[in-house]
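Data block below; observations after.
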Amino acid sequence: MHSALPSLTPLRRIAAACALLLAALPAAAQVVPVSSTPVVGSSNPATAEPPVSRPTTAPCTVTLYDNLEFRDYSAKPLTYTPPSACRGNWAKVVLTVDFTVTAGRQFDRTASLYLGNANIYYGTTAEPRSTLSPSWHVERDVTDLSAIFKTEQTGQAIVYNIVNGTYTGVIYGTAKLLFYPANFRNPPAVVPAAVIPVSGVNSPYELDTTASQLTTSVTAPRNTVKAYLDVIAQSQSSDEFWYLCVPADAAGKLQSCPGTAFRETEITIDGRPAGVAPVYPWIYTGGIDPYLWQPITGVQTLNFKPYRVDLTPFAGVLSDGQPHTVGVSVYNASSYFLATANLLLYTDPFRRSTGGGLLEDTLGAAPTPQVTENLTTDASGNTVGTVAVDSRRNFVVKGYVNTALGRVETTVEQAVNFNSTQTFNVGTNDIQNAVQTSTVDSKTTSQFGFVREQTTRHTAFPLTLNYSYVVNPDQTSAQTVTSDQKDIEAETKALNGFTLYSSGSAEQVHSTDTLNLSAAGAVTSVGPTSSTGSYQSEDSLGNCYSRQITSKDRVLTAVTDGVGCARR
């Protein structure tokens, strides 16, 4: 994977000019560890995202690889052995990954990590500069994957990279698993009894079209009571900038990619629609304008968050001891998406077999997006107007499981809505503005006799992009890009109508940059460039996290913690 936008001619030309400006000779290097807290004055990649909270017990550490070099187009094999000093149930398991890229010229690359065919990390790398060898740290709570870590595994670290006379940046990585033992103050985590990978062989799976499907045969434990699918669908190649695509009939005159600006991940069980996952509009560090993401990267760019699909209504079906097929596809995929998922299964500790069935499923086989074009082209070939695409899905999936305590019915109700409106003025100049909203509102109800547990969730991925490429009378040109990304989540848990717990989080990255180019297309000046990033989370237990970061001209200028968190 590398960030380029082949359908938009000005962007393609500018991306090449930026790459030349960033080029330098490679230098020998290894991983340079950096703090998880952004450092003022640094140009290393920075985010406002919080570190993973840790138990108070001392962890056992398993190093998966240390200073591993990625300089070719090959996956690196891994072996894993559980920590002998920390066997049994863990309070938490944390994955840490540290990267360094040598100074020079290199594309952003997709990075993923697998053990036992299960994905335990997915993200992308930062692009270097001639005077910057970027280093960064990511970490992920992988406690829910504990079942994978209890036995020896083989796996792969994947960062497909190309190093030659043109692309000189070598990528180095170190990955560790930290196992925190449980004790009285740090009880064992409640984790899935089984984790079944839905992926390629220790790798993601390529989905080229809507009809392409990643499928895995699954035989669940006979006493399964709950099921979830953690899924990632990453856009690549022609689909990388899917959120700027347009209908095929308008792609030529708008100098854009086809397929409309709508994508959606579809989940099936035995060919039957079972769930939906929105596709997050990740923007990689080489996306549109590499200077936009230095040092503050886009939302989740370095560390993707899987989207969790509740498949519990199918738990009774899955628990029959027979093989079932779990499928993942991406609606409107157009060369191409990479997909990977983990099926998480919880079991009844007091019953060897449960059984059950599906009671209702109103989810349609595919979305039916509505496209509205309002475009006009004048005699000189300039095209102006708007293109909008809108998708709205409301469905109910209901099933039951016969647990040791009796019959439990689970109902998942969801409203999945998407809208993208793009405004164009394309011809001599290229002006393209996009406003996108993608939301999921869900309500999961589990009924056991007179006891009713209910969880409501709201997820939103707003994106606003303003792109302007203007040619001056002397044939010099200027490109100005402003991007605003958000990731908003809220959750409430209730018992018989009484709220037991609530939480919410919001992340935002706002970036803007101007590039000035000569008549020959070479970058003559960069900036002004500025970015802000913020992350705030809070819950009803009194926990609160807040961080705001700012940068100017590719240097971090401020880190502010605690804003909006009252003292408790």
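Applying a threshold of 6 Å to beta carbon distances and a minimum spacing of six or more residues, or different chains, the list of pairs starting in the stretch 343-358 at a residue that is on the phi > 0 side of the Ramachandran plot and ending at one that is open to solvent by 30 Å² or more (accessible area, probe 1.4 Å) reads GLY355/ASN402; GLY356/TYR400; GLY356/ASN402.
Taking the stretch 160-211 and the strands (runs of 3 or more DSSP E) fully enclosed by it, the elements with 2 or more residues that are among the aliphatic types (A, V, I, L, M) are at 171-181, 194-198.
Checking the stated criteria, ALA91 turns out to be touching a Phe, Trp or Tyr at 6+ places or on another chain (Cβ under 7 Å) and open to solvent by less than 20 Å² (accessible area, probe 1.4 Å). Within the stretch 312-330, residues that are at positive phi have Cβ atoms under 9 Å from residues that are hydrophobic (A, V, I, L, M, F, W, C) and assigned to a loop (DSSP other than H, G, I, E, B) in these pairs: GLY321/ALA220, counting only partners at least 6 apart in sequence or on another chain. Residues in the stretch 108-122 that are in a strand (DSSP E or B), over 11 Å from ILE171 (Cα atoms) and not polar (S, T, N, Q): how many? Final tally of qualifying residues: 7. Where strands (runs of 3 or more DSSP E) sit wholly within the stretch 452-568, those with at least 2 residues that are open to solvent by 30 Å² or more (accessible area, probe 1.4 Å) and closer than 28 Å to VAL435 by Cβ occupy 463-471, 477-495, 498-517, 530-539, 544-552.
Residues of the stretch 91-107 being outside any strand (DSSP E or B) and either of a type in the set (A, V, I, L, M) or in contact with an Asp or Glu (Cβ under 8 Å, 6 or more places away or on another chain) (or both), which ones? ALA103, GLN106, PHE107, listed by residue number. Within this structure, THR260 passes the test of being more than 20 Å from the chain's Cα centre (by Cα), closer than 30 Å to ASP390 by Cα and surrounded by 19 or more Cβ atoms within 10 Å (Cβ to Cβ). Kindly provide the set of residues from the stretch 123-142 that are in a strand (DSSP E or B), open to solvent by 20 Å² or more (accessible area, probe 1.4 Å) and farther than 14 Å from ALA175 by Cβ, ordered by number. Across the stretch 123-142, the qualifying residues are ARG129, LEU132, ASP141. Looking across LEU375, LEU345, LEU358, one residue alone is in contact with a helix residue (DSSP H, G or I) (Cβ under 9 Å, 6 or more places away or on another chain), open to solvent by less than 10 Å² (accessible area, probe 1.4 Å) and in a strand (DSSP E or B). It is LEU345. Of note, THR368 satisfies the criterion of being assigned to a loop (DSSP other than H, G, I, E, B), at pLDDT 95 or above and either on the phi < 0 side of the Ramachandran plot or open to solvent by 40 Å² or more (accessible area, probe 1.4 Å) (or both).
Determine whether the stretch 180-196 contains at least one residue that is among the hydrophobic types (A, V, I, L, M, F, W, C) and at pLDDT below 95. There is at least one residue in the stretch 180-196 that is among the hydrophobic types (A, V, I, L, M, F, W, C) and at pLDDT below 95. Restricting the first member to the stretch 437-465 and to residues that are at pLDDT below 95, and the second to residues that are open to solvent by less than 30 Å² (accessible area, probe 1.4 Å), the beta-carbon pairs closer than 7 Å and six or more apart or on different chains are PHE448/GLY406; GLY449/GLY406.
Restricting the stretch 409-433 to residues that are aliphatic (A, V, I, L, M) and more than 20 Å from the chain's Cα centre (by Cα), the residue that is surrounded by the fewest Cβ atoms within 10 Å (Cβ to Cβ) is ALA415. Criterion first (open to solvent by 20 Å² or more (accessible area, probe 1.4 Å), among the basic types (Lys, Arg) and under 17 Å from TYR172 (Cβ atoms)) does ARG105 satisfy it? Here the answer is yes, as ARG105 does meet what is asked. From ILE232, ILE148, ILE196, which residue is within 30 Å of PHE107 (Cβ to Cβ) and crowded, with 18+ Cβ neighbours inside 10 Å? Going through ILE232, ILE148, ILE196 in turn, the sole match is ILE232.
The values are calculated or read from the model by the stated rules, or taken from the named source; none is laboratory data. No experiment lies behind these values; they were computed from the predicted model shown. Please note: Cβ atoms are built from the backbone with ideal geometry, for glycine as well, and neighbour counts cover all protein chains shown. When the accessible area is computed, the model is the full protein with side chains, heavy atoms only, and any ligands, DNA or RNA have been set aside. Shrake-Rupley method; radii C 1.70, N 1.55, O 1.52, S 1.80 Å.
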